[in-house]
Ligand code: AMP
Ligand code: ZN
């Protein structure tokens, strides 16, 4: 069953055919490490992880590269606004380097907790300054760059079809950019290298043939993707906001420097995680939710993964605690089912039935990664009259894409302190001391456990 993916470049679902037979080059834009990644960012990384897993499920080999943006990203995409790293450093009274290291570590912890498979190559923008300088020189040689006011800019007027990815109407938008930066010849031109630092306290600076300075944000992805994946590769991803400016400019630079078209064959973008009024969750608004906050509210990281998988990646996803609770209930139900099936007797494998359910599941995920449909197929399979050991086999098979790590689900051992509190609570209940028993329940809950009273005594369950 062929894999089809929605390509932003053509605005169509297309059959996926990599440039090389079975190997896929995948580049995903990573976080700007000036703050914690929020749940919106994590939606993007979960979508990319599912894409990678779908490719692996379809027997492709995947070389995945993800960057860490630690320099050059300004708060306005169009070369204006504050430097994000500097903003983080000021907020925390640390150096930009310390801020970058701290938030990179925090990001990596989050993706591990979400069972996101690590990329084959991590690359930091600040580790690739020579590659970015070489790319500017290449663009200068081809007459695609110019110097004005001390900075180096990309000349978008020299590129036929500039902005095609975003269907930019070249006369209608971007006027603001010229207004903000008088050095630009054309409204869409963008900085490749800043020499006249906009920020007197800019501490990330490098020597270059164009003067001491630092690279424009878009350059890093072009230089690093091409270094690790070649001058043409298969898939490039990010959130839909990146399609409008960042990716448009990456294409212009890379096709300009390398002369290969298209630089990337398939562009995939996820829609936003939005708040109750439909507004995008963003770091710049200052109000955002992190995985840690969810954990403090009693959710497991994989509850959030389940929540994301419940909506197709190309639809906006509205965040609410109610919807998170419902995802948590389903995730717990799934884990409980796994534990039940693990105890099942072995029997003769039903090859025909396994094949039938695997084909249905493959059809779901190969249809531009329809994860909600695939989850529905999974639940239907679990309710069917299949034998338990076939169900367990299929669950593990489907989990190669879902990524809940179902093969490692184990009954949670109750810690001694929780057992002790539960016993004390039982004694308080026998003595009809309800106040004490309630406060002991609160203590048990705070330790991440639920206690339920039944006919045969109490039962402790991990939240
Ligand atoms: P940033 O750290 O801002 O560079 O963003 C990292 C990734 O998260 C990019 O692919 C963004 O497009 C994506 N992103 C940012 N905000 C959201 C959101 N609210 N929902 C989904 N993806 C987002
Ligand atoms: Zn990028």
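The values are calculated or read from the model by the stated rules, or taken from the named source; none is laboratory data. Just so you know, these numbers come straight off a predicted model, no measurement behind them. Reconstructed Cβ throughout: ideal geometry from the backbone, glycine too, with neighbour counts over all protein chains shown.
Looking at region 240-255, is at least one residue free of Cβ contacts under 8 Å to residues at least 40 places away in the same chain, buried (at least 22 other Cβ atoms within 10 Å of the Cβ) and either under 21 Å from residue 39 (Cα atoms) or within 16 Å of ligand 1 (Cβ to nearest atom) (or both)?
Yes, region 240-255 has at least one match.
Confirm whether residue 383 is without any contact (Cβ under 8 Å) to a residue 24 or more places away in the chain, within 22 Å of residue 335 (Cα to Cα) and surrounded by 15 or more Cβ atoms within 10 Å (Cβ to Cβ).
No, not satisfied.
Is it fair to say residue 226 is more than 16 Å from ligand 1 (Cβ to nearest atom) and part of a loop (DSSP other than H, G, I, E, B)?
Spelling it out, it is not the case that residue 226 is more than 16 Å from ligand 1 (Cβ to nearest atom) and part of a loop (DSSP other than H, G, I, E, B).
Would you check which residues across region 258-304 are within 22 Å of residue 64 (Cβ to Cβ) and part of a helix (DSSP H, G or I) and list them?
Those that are within 22 Å of residue 64 (Cβ to Cβ) and part of a helix (DSSP H, G or I): 258, 291, 301, 302, 304.
Return only the number of the condition from (1) within 16 Å of ligand 2 (Cβ to nearest atom); (2) buried (at least 22 other Cβ atoms within 10 Å of the Cβ) that residue 193 does not satisfy.
(1)
Taking region 276-316, which residues are touching a helix residue (DSSP H, G or I) at 6+ places or on another chain (Cβ under 9 Å) and near ligand 1 (Cβ under 10 Å from one of its atoms)?
The answer is 280, 281, 282, 283, 284, 288, 308, 313.
Mind listing just one residue for me: the one in region 13-47 that is in a loop (DSSP other than H, G, I, E, B) and more than 14 Å from ligand 1 (Cβ to nearest atom) and, of those, surrounded by the most Cβ atoms within 10 Å (Cβ to Cβ)?
Looking at the filtered set, the residue picked out is 16.
Could you figure out which of (1) in contact (Cβ under 8 Å) with a residue 12 or more places away in the chain; (2) assigned to a loop (DSSP other than H, G, I, E, B); (3) under 30 Å from residue 308 (Cα atoms) isn't true of residue 118?
(1)
Filter region 21-56 down to residues that are away from ligand 2 (no atom under 16 Å from the Cβ) and at pLDDT below 95 and give me whichever is farthest from the chain's Cα centre (by Cα).
21
State which residue is nearest to residue 319 (Cα to Cα) when the search covers only region 260-275 and only residues that are within 16 Å of ligand 2 (Cβ to nearest atom) and touching a helix residue (DSSP H, G or I) at 6+ places or on another chain (Cβ under 9 Å).
The extreme case among them is 270.
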